[in-house]
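This report refers to the structure that appears directly beneath it.
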């Protein structure tokens, strides 16, 4: 049984008159530009005696007789269709909103009428509706990153860096000189986290009862970390760069110019390879 038409003779006359290829005629009528479709259209054009001499063909088409499409398929309110398309993500949803059955014939009718009315159907995704972009909703977090809060983020970022590489990190419960104790290839390591908004970073700790200057009147002073207190410094800058420096490499120092320690710079949370490791070959 031949498939019912979704276009009228008048629409075929207009399409033939306004196009230079049968593929373009098919597309204007809402059909795929396939061989069977174009042969069928040529047969109907021959039945109607249409002048198609401006459309180049290699073969002569036989006359095809078929009834006009049901009036019901064309009796669609354009404004109602416009609203249905705008509020749907697939032609199946459009058909439901137009109170029509889910069928390929109805989808073809709706597509053709939408094209003729100039309705934007770019928001319809067919069976891939799940791939359609989701409209973003407001969340209760409107503040932007504040560099003044960088110090509070350091330990969490350092822990994420280690854990993301499979080294579990723990936060001490009691006050100790280090911020994290981390698994490593050589056992547990004590890590002190430092942050900076500039190109240098201080690597001292406060020791109460120690004065920076004899006449300063300060009760709490700063001193370098000792090798027996920590094993590594994890340094995070406001630009997002990270450094992992053994305390033995900076023994006795109180401030580092990070440009001198590029060999200790490590990749970000999800980058590789490390700049301070040599990748093995083979």
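Go ahead and run the numbers for FRET between residue 199 and residue 122, Cβ-Cβ distance against an R0 of 41 Å, rounding to 0.05. Please report the intermediate quantities before stating the final value.
Working: r = 49 Å, r/R0 = 1.19.
Approximately 0.25, to the nearest 0.05.
Distance between the pseudo-spin-label points of residue 138 and residue 267 (7 Å out from Cα toward the beta carbon): 4.0 nm.
Between residue 24 and residue 171, the modelled labels are 6.8 nm apart [label points 7 Å from Cα along Cα→Cβ].
Taking only the C-alpha atoms of the stretch 84-184, Rg followed by Dmax gives 26.9, 75 Å.
Between the beta carbons of residue 186 and residue 146, assuming R0 = 41 Å, the FRET efficiency works out to 0.65 to the nearest 0.05. Given their separation in residues at 0.36 nm each and the Cα-Cα distance between them, residue 227 and residue 105 gain 36.0 nm when the chain is fully extended.
The length gained by stretching the chain between residue 86 and residue 10 to full extension, at 0.36 nm per residue less their Cα-Cα distance, is 24.5 nm.
Remark: spin-label model distance residue 241-residue 56 equals 6.3 nm, labels positioned 7 Å along the Cα→Cβ axis.
If you wrap the Cα atoms of the stretch 149-266 in a convex hull and average its projected area over all directions, you get 8.2 nm².
Only the coordinates and a few stated rules stand behind these numbers; no lab work does. Model, not experiment: these values are computed from the prediction. Glycine gets a Cβ as well: all are built from the backbone with ideal geometry, and neighbour counts include every protein chain shown.
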